[in-house]
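Asks: My questions will all concern the structure given below.
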Amino acid sequence: MTGVTVCCGTVNSIKALWETRIKKSKDELKTEREQRDRRAVGRYVHYCHVSHGNNLKKLYHLDLSMNKFTTIPDCVVKLPSLEWLDMGSNRLESLPEDIHRMEKLHTLWLPRNELEYLPDNISHMQSLNTLVLSKNKLRDIPPLMEDMSNLRFVNFRDNPLTYDVTLPDLKEDDEEEDREMFGREFMHFYIQEARKRGSQTFTLVLNVTLEGASETGSSL
C-alpha cells in the first residue's frame, strides 16, 4: 500500500486537502520548469560566448522564443551572419544600444515582451525589413524609424502608445490579414502625428510662459 493516502473526515475537508496538494504540486512543477528554463538560458549564453569565434560564424537563423531573456545577449548581437532572430515570448525589458551592429539581420520577432522603448540606433539597421513588436509596453515610436527605407513589414499592435492614432477603415470586403500591410503606414502616420502634437504642446507651453512673464513685468 505504499504511496496510497487514506483520507478520513468530511467531504469538504477531504476536498480542501486534495485542492491544497494539487496546488502545491502545480507550484512545485512551475518552480521546477522555471529553474530548468533558467539553466537552459545560462547554458546557451555560456555556449554562445565559448563558441562565438568558431562554430557560430555561419549561423543565420536563431530561435530563442519562449525563454526568460531580459535583453538580447551581447554574443547574439555579435553573430556576423545572423539574418533571422525570434525572441518572442521572453521577458525583454530593453534592447541593446548597439543593436545596429546586427548588419545582416532582416527579420526580427519580438512580440509578447516587456519593452517600454526602442533605442534610436534601431533606425540604423539598414537590412531590416520585418519587425514584429506586438504586445509589448511601448509608449512611443522613435522618429528616426521614419528613415528605415528597407522596412516593409512592422507590427505595433497591442502597445499602450501615447497617441491614439488610427488609419482609415478598410472596405468591408477586405480581408483581416490585409490590415497587417498597413503597419508601415501606421508607423509613419504615428510619427507625423506625434511630431505635430508635440509641436502644439510646445507652442502652448511657450505661450503660457510668455504670457506669465508679461503679466509679471506689468505688475512691477
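Asks: Can you give the local net charge around Ile191? Use residues other than it whose beta-carbon is closer than 14 angstrom to its beta-carbon, Lys and Arg +1, Asp and Glu -1.
Replies: -1
Asks: With a sphere of radius 10 Å drawn around the Cβ of Asn159, what net charge do the other residues whose Cβ falls strictly inside it have (Lys, Arg +1; Asp, Glu -1)?
Replies: +1
Asks: What is the fewest-to-most order of Leu144, Leu133 by other Cβ atoms lying within 10 Å of their Cβ?
Replies: Fewest-to-most Cβ neighbours within 10 Å comes out as Leu144, Leu133.
Asks: What is the fewest-to-most order of Thr166, Thr71 by other Cβ atoms lying within 10 Å of their Cβ?
Replies: With the fewest neighbours first, Thr166, Thr71 line up as Thr166, Thr71.
Asks: Right, here's the next one. Which pairs, out of Lys68/Lys135; Lys78/Lys137; Lys57/Lys137; Lys57/Lys135, put more than 28 Å between their alpha-carbon atoms?
Replies: Lys57/Lys137; Lys57/Lys135
Asks: Just add up the charged neighbours of Ser81: K/R +1, D/E -1, any other residue whose Cβ is under 14 Å from the Cβ of Ser81.
Replies: +3
Asks: At a 10 angstrom cut-off on C-beta neighbours, averaged per residue, how do the peptides 149-159, 79-89 rank from highest to lowest?
Replies: 79-89, 149-159
Asks: What's the exposure ranking of Met66, Met125, going from fewest to most Cβ atoms within 10 Å?
Replies: Met66, Met125
Asks: Here is a follow-up. Report the extension gain between Leu144 and Arg197 in nm, rounded to one decimal, defined as 0.36 nm multiplied by the number of residues separating them, less their alpha carbon distance.
Replies: That pair, Leu144 and Arg197, stretches by 17.4 nm at full extension.
Every number here is computed from the coordinates shown, using simple stated rules; none is lab data. None of these values were measured; they are calculated from a predicted model. Every residue, glycine as well, gets a Cβ built from its backbone with ideal geometry; the counts of neighbours run over all protein chains shown.
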